[in-house]
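Encoded as structure tokens, the structure appears first; notes follow it.
The values are calculated or read from the model by the stated rules, or taken from the named source; none is laboratory data. The shown structure was predicted, so the numbers you read here are calculated from the model rather than taken from an experiment. A quick note on method: Cβ atoms are made from the backbone with ideal geometry, for glycine too, and the neighbour counts reach across all protein chains shown.
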Ligand code: PMT
């Protein structure tokens with residue numbers, strides 16, 4: 001893989017990143033900008049990567065003096081980490097006046113950036129617009145993380161930890177763990193109409209489901225995301241089907257599931273809908289009003305009950321007795337795997353972080369609280385493990401947050 005390093009304080013983390021990438025079996029070549037060399041020497045990255053570090057656009061020692069083309073062809077993935085605000089702007093413009101810019105333009109392999117900058121620079125509309133443009137062009141964006149920054153401020157803009165980048169990068173290789181698999185994911189809430197202006201719904205933002213869809217795509221799968229009403233961008237490369245009600249979601253999922261290998265139900269589907277939908281706006285009455293509800297179809301259970309079901313993964317949202325509730329749901333709905341999460345004030349719904357406890361027939365795994373993007377990648381990795389193993393063994397894994405921090 002090709003690593004581009006640009007000039008920010010997080011450039012020092014490139015050393016650890018190269019070490020971890022090599023440890024994971026990757027062959028690593030490094031391109032450094034002039035700014036990056038102010039923070040870390042090429043010699044350090046040369047020693048760690050075991051390859052000469054490339055810094056010059058016009059390099060007479062490169063084959064046919066076209067080093068940027070050679071490097072671009074060689075790469076099976078290009079990661080720029082750290083990617084400064086200036087780097088994002090230059091990528092948007094398609095600048096080719098330094099080696100990294102030229103390689104980025106010439107490289108047809110999957111590309112990812114790990115932004116790192118001061119939080120105000122990150123929040124600036126110019127940076128956000130650049131980011132939108134790059135994502136729309138299919139670049140994968142890893143992070144940034146949030147927290148204390150080198151400049152003393154606190155907020156988003158820290159480069160993702162090298163271990164997280166390695167985890168996310170693994171999915172970008174053409175032989176990702178779910179390559180060749182078709183995955184259907186549900187996300188977001190459903191809305192159950194009461195009358196033309198009112199509905200019953202819940203607090204799901206869609207973030208967890210969208211993160212799962214993105215992680216599955218980054219693991220190489222073809223992904224169909226069936227989403228309730230949310231205000232989120234579709235992850236790059238994912239096909240999205242928008243629905244409103246549980247009945248719509250049920251129909252869309254059952255249409256997409258045949259031929260799929262995996263179904264992951266992250267949506268918070270309304271269990272009930274009004275028995276009748278008023279044709280006109282209901283008017284206020286003097287006395288209390290009773291709404292009769294009827295059961296919605298259970299999408300997850302219906303998929304699991306198909307004659308030839310995909311590998312089915314449910315989520316269990318519980319406010320108490322989380323683990324037991326999830327285990328009961330896994331058995332009742334006859335699903336292969338279930339991810340339990342605590343929901344309620346500050347938990348699960350409409351927040352950036354989450355924690356999961358995942359159960360399958362003969363095993364379980366605790367995934368401690370972290371960002372939903374990272375959590376989704378860990379969940380997808382567990383799903384891939386289960387698909388890979390022909391027979392499931394008794395297994396209890398606990399991923400220690402320190403291992404992957
Ligand atoms: O969207 P976010 O703001 O990021 O929040 C994420 C989340 C809290 C919504 C998510 O992590 C989560 O827990 N999703 C499942 C919510 C839910 O409906 O849980 P449940 O325990 O009620 O349902 C169990 C499973 O059955 C779920 O996989 C659900 O998608 C599925 N189901 C439920 C009812 C129904 N009629 N059809 C279904 O398919």
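What to note about this one:
- Residues of the stretch 1-43 that turn out to be part of a loop (DSSP other than H, G, I, E, B) and either touching a residue at least 24 places away in the same chain (Cβ under 8 Å) or buried (at least 22 other Cβ atoms within 10 Å of the Cβ) (or both), as a count: 12
- Residue match in the stretch 323-333 (condition: within 18 Å of residue 378 (Cβ to Cβ), within 12 Å of the ligand (Cβ to nearest atom) and touching a strand residue (DSSP E or B) at 6+ places or on another chain (Cβ under 8 Å)): yes
- Exactly one residue among 226, 253 is more than 17 Å from the chain's Cα centre (by Cα) and modelled with pLDDT of 95 or more, and that residue is 253.
- Residue in the stretch 59-82 that is touching a residue at least 60 places away in the same chain (Cβ under 8 Å), buried (at least 24 other Cβ atoms within 10 Å of the Cβ), in a helix (DSSP H, G or I) and within 25 Å of the chain's Cα centre (by Cα) present: no
- Screening the candidates 150, 112, 89 for the property of being in contact with a helix residue (DSSP H, G or I) (Cβ under 8 Å, 6 or more places away or on another chain), in contact (Cβ under 8 Å) with a residue 40 or more places away in the chain and within 19 Å of residue 18 (Cα to Cα) yields one hit, 112.
- Residue match in the stretch 373-385 (condition: surrounded by fewer than 23 Cβ atoms within 10 Å (Cβ to Cβ), in a strand (DSSP E or B) and modelled with pLDDT of 90 or more): no
Residues are listed down the side, and each one gets a yes or a no for (1) out of contact with any helix residue (DSSP H, G or I) (no Cβ under 7 Å at 6 or more places or on another chain); (2) modelled with pLDDT of 95 or more; (3) farther than 25 Å from residue 388 by Cβ:
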| residue | (1), (2), (3) |
| --- | --- |
| 304 | no, yes, no |
| 307 | yes, yes, no |
| 316 | no, yes, no |
| 339 | no, yes, no |
| 344 | yes, no, yes |
| 353 | no, no, yes |
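- Single condition residue 332 does not satisfy, out of (1) surrounded by 15 or more Cβ atoms within 10 Å (Cβ to Cβ); (2) touching a helix residue (DSSP H, G or I) at 6+ places or on another chain (Cβ under 9 Å); (3) not in a loop (DSSP other than H, G, I, E, B): (1)
- Annotation: of all residues in the stretch 178-213 being buried (at least 24 other Cβ atoms within 10 Å of the Cβ) and under 15 Å from residue 270 (Cα atoms), the one that is nearest to the ligand (Cβ to nearest atom) is 204.
- The stretch 144-154: number of residues that are modelled with pLDDT under 85 and either surrounded by 17 or more Cβ atoms within 10 Å (Cβ to Cβ) or under 20 Å from the mean Cα position of the chain (by Cα) (or both): 3
- Every residue from the stretch 306-322 that is out of contact with any strand residue (DSSP E or B) (no Cβ under 7 Å at 6 or more places or on another chain) and surrounded by fewer than 13 Cβ atoms within 10 Å (Cβ to Cβ): 307, 308, 320, 321
- Residue in the stretch 1-22 that is farther than 25 Å from residue 145 by Cα, in contact with a helix residue (DSSP H, G or I) (Cβ under 9 Å, 6 or more places away or on another chain) and modelled with pLDDT under 95 present: no
- Breaking point among (1) at pLDDT 95 or above; (2) buried (at least 19 other Cβ atoms within 10 Å of the Cβ), for residue 94: (2)
- Against the conditions (1) within 12 Å of the ligand (Cβ to nearest atom); (2) closer than 28 Å to residue 352 by Cβ, residue 239 satisfies every one except (1).
- Any hit, the stretch 279-293, residues being assigned by TED's automatic domain parsing to the domain that holds residue 196, under 30 Å from residue 143 (Cα atoms), more than 8 Å from the ligand (Cβ to nearest atom) and not in a loop (DSSP other than H, G, I, E, B): no
- Selected residue (criterion: surrounded by the most Cβ atoms within 10 Å (Cβ to Cβ)) from residues of the stretch 336-355 that are within 8 Å of the ligand (Cβ to nearest atom) and closer than 30 Å to residue 308 by Cα: 339
- Within the option set 221, 252, being away from the ligand (no atom under 15 Å from the Cβ), assigned by TED's automatic domain parsing to the domain that holds residue 382 and within 23 Å of residue 338 (Cβ to Cβ) holds for one residue only, 221.
- Selection from the stretch 250-262 of residues that are over 27 Å from residue 112 (Cβ atoms) and outside any loop (DSSP other than H, G, I, E, B): 250, 251, 252, 253, 254, 255, 256
- Restricting attention to the stretch 294-303, the residues being in contact (Cβ under 8 Å) with a residue 40 or more places away in the chain and touching a strand residue (DSSP E or B) at 6+ places or on another chain (Cβ under 9 Å) number 3.
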